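Worksheet: one structure, shown below.
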Amino acid sequence: MKCIVPAAFAVAGVLFAFALPPLSSQVGQPQPLSLPLECPGGDCPLLEGAPQTAGMRSGFVRLKPGETVGWHTTGKNEESLVVLRGRGEARIEGQSARAFAAPALVYIPPATRHNVANTGKESLQYVYVVAPTRTP
């Protein structure tokens with residue numbers, strides 16, 4: 001399975017729409033939501049499970065040249081990276097690094113130990129979306 005596919009920028013564009021306050025007090029069904037991509041640090045949560053979503057998490061990451069997010073796994077969840085700016089590598093344990101450049105979409109299957117590195121000369125910026133997989 002190929003892990004890197006050109007991004008449909010419209011997916012990320014939705015996140016740039018009108019800002020609404022977080023729905024942390026919401027109870028019941030998740031509701032539509034849009035958030036600005038403003039992040040003073042390197043990794044800022046955007047969506048975090050119930051009550052905002054049915055189980056999906058999302059965040060905005062900004063890496064300086066040479067930085068990495070560190071080796072990790074999302075367990076039984078799958079992950080997509082919507083690369084907005086810069087270039088980097090998806091480093092998958094036991095495989096060759098997969099280079100990408102914005103705009104791009106990087107897919108990480110469940111239970112895959114991985115790292116993301118900025119290999120460019122400018123800031124690498126991406127939105128990650130982590131979602132539970134369906135259980136058969």
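Any read-out appearing in this document is the output of simple, stated calculations on the displayed coordinates, not a laboratory observation. Since we're looking at a predicted model, the values are computed, not measured. Because the Cβ atoms are built from the backbone with ideal geometry, glycine has one as well, and the counts that use them run over all protein chains shown.
Find, among the trypsin sites (Lys or Arg not before Pro) in the range 55-116, those assigned to loop by DSSP (not H, G, I, E, B) with at most 11 other beta-carbon atoms within 10 angstrom. Sites meeting the loop and neighbour criteria: Lys76.
Scattering from the range 51-108 was approximated by placing one identical point on each alpha carbon and applying the Debye formula without solvent; log10 I(q)/I(0) at 0.25, 0.29, 0.30 1/Å stands at -1.31, -1.55, -1.58.
Modelled label positions at Thr133 and Ala99, each set 7 Å beyond Cα in the direction of Cβ, lie 3.0 nm from each other.
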